[in-house]
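Below is one structure; the comments refer to it alone.
Values quoted throughout were computed directly from the atomic coordinates according to the rules given, and no laboratory measurement underlies them. The shown structure was predicted, so the numbers you read here are calculated from the model rather than taken from an experiment. A quick note on method: Cβ atoms are made from the backbone with ideal geometry, for glycine too, and the neighbour counts reach across all protein chains shown.
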Amino acid sequence: MNRRQFLRDAASLSVTTAAAGSTLGTRALAISQQAGAKVIDPDDPHDPPVVCAVIGANLQGREILTSLAKMGKYAPVAYVCDTFAQAGFDKRWKAIVPDAKYTADYRKVLDDKSVQAVFIATPSYKHKQIVLDAIAAGKHVYCEAPLANDLEEARAIAVAGKGAKTAFQSGLIQRNNKQHRHVLKFVRGGDLGHLSGGHAQWHKRTSWRFPWQDADREKDLNWRLNAETSTGLIGEIGIHQLDTASWFFKSLPIAVSGRGSVHEYVDGRTVPDTVSCMLEYPKNLNFSYSATLTNGYDEAFEVFTGSACAIELRDLRAWMYKEADSPVLGWEVFARKDDMVIGDVKAGTGLRIATGIALVADATKQLAIGKQPGAVGTDLTKTALYQAVTDFLNAIRDNKKPEVGPEEGFQATVVAHKANEAVVSGTRIEFKKEWFTL
């Protein structure tokens, strides 16, 4: 099995560590199942329904619509709003939410008293006024990350979100990802030993350009390629992985250095197609990051390293790689071990480079409801975005502030913006505490 095949197959084969989860909660779930009682999973959608609208129906907006559609009656979509209304465009979102109404004016959505929650998935440079108006209209707001492509606009959004009586959630979806939350326990709990740092990457072979027959529409579609409207790969993509480092290290960075350039797509774009940066954290921790549109090798991941082990995260999957001299934790004896292999085992050219212990979020709960160890694994249909949307709607139902609020969104935006500045200028930038203060 080669590395890529391993990564594809591991999700369906991975078995649990039996270490995670609440014993009391697990027993209660098991007893309810045995008694035939209806079990309401707080991590899944449930009553009462929350009437929603999505503003911005391009790629990310349609991903949000797909997540809402999976929730059925618990998250009815009343409106889809987008300024582009050319014939045929509506087919894409209507295939997902056929009963939703269309409008080009987001104010019509905000004027409708029946709409409780709005998801803002427009280009980031258009976020500010829509967010401010939505909060003023008394709507619960989910705002995609980054909050804005301008730090003062991002600050205005965060201040409004912090002062809102309604729920405001920033779209830092990895913070809602159960797999990342699961791994957080190992990092914060000291299982990595002496923490030494980390690395992440996002590599994809794509131009990031969307062609269109109309020049004005094409310019609108390709706003990410324009430095006036976009913070490029670091700001629009890397923000999630850089924020994971700050979250796991429980600290904001103190400095960042970077480099970037256009290697292949010399097509008028003003943002680099290849970038790299180094975030410096307290306690001599460094976190390196690279992103490119020119090559898809090894795709996307985050790795955190320590004296006892390394942990690798790939979206909804994760593995622990222990050092030979690391202490025995106990639970890993019962966990599945997956070999990471380079080459073709069948052809006799395979080379085992590491053995990973599969870490599966919610494993204990799955075992409690009767799954056999060999059947325990990550539910890949519940994407990180689906989990973020669910958390947002449940916060509304429970009348609570979302865990991933305006402050987290603003701080992540500051880090990504300054990292992009370092990339563009090829310099080192020291962070100032006042940059992060609302």
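Would you work out the charge dipole size for the range 38-174 about its Cα centre, treating the Cβ of every Lys and Arg as +1 and the Cβ of every Asp and Glu as -1, and quote it to the nearest 20 debye?
Values: 17 positive and 16 negative charges, 44 e Å.
Magnitude of the dipole: close to 220 debye.
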* Asked: Put +1 on the Cβ of each Lys and Arg and -1 on the Cβ of each Asp and Glu in the range 38-174; which of I120, A78, L132 then has its Cα farthest toward the positive end of the dipole?
  -> A78
* Please sort 102-110, 212-220, 400-408 by packing, taking for each peptide the average over its residues of neighbouring beta carbons within 10 angstrom, highest first. => 400-408, 102-110, 212-220
* **Largest to smallest principal axis extent of the C-alpha atoms in the range 199-245, angstrom** => 40, 23, 12
* Structure fact -> Fewest to most Cβ atoms within 10 Å: T231, T274, T83 sort as T83, T274, T231
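Can you give the percent of C-alpha pairs in the range 38-174 whose distance is more than 21 Å?
Values: 3685 of 9316 pairs.
In whole percent, the share of Cα-Cα pairs in the range 38-174 beyond 21 Å is 40.
Taking Rh as the Kirkwood radius computed over C-alpha pairs, what is the Stokes-Einstein D of the range 119-165 at 20 °C in a medium of viscosity 1.002 mPa s, expressed in µm² per second? Could the numbers behind the result be given before it?
On the way: Rh = 10.3 Å.
The diffusion coefficient I find is 208 µm²/s.
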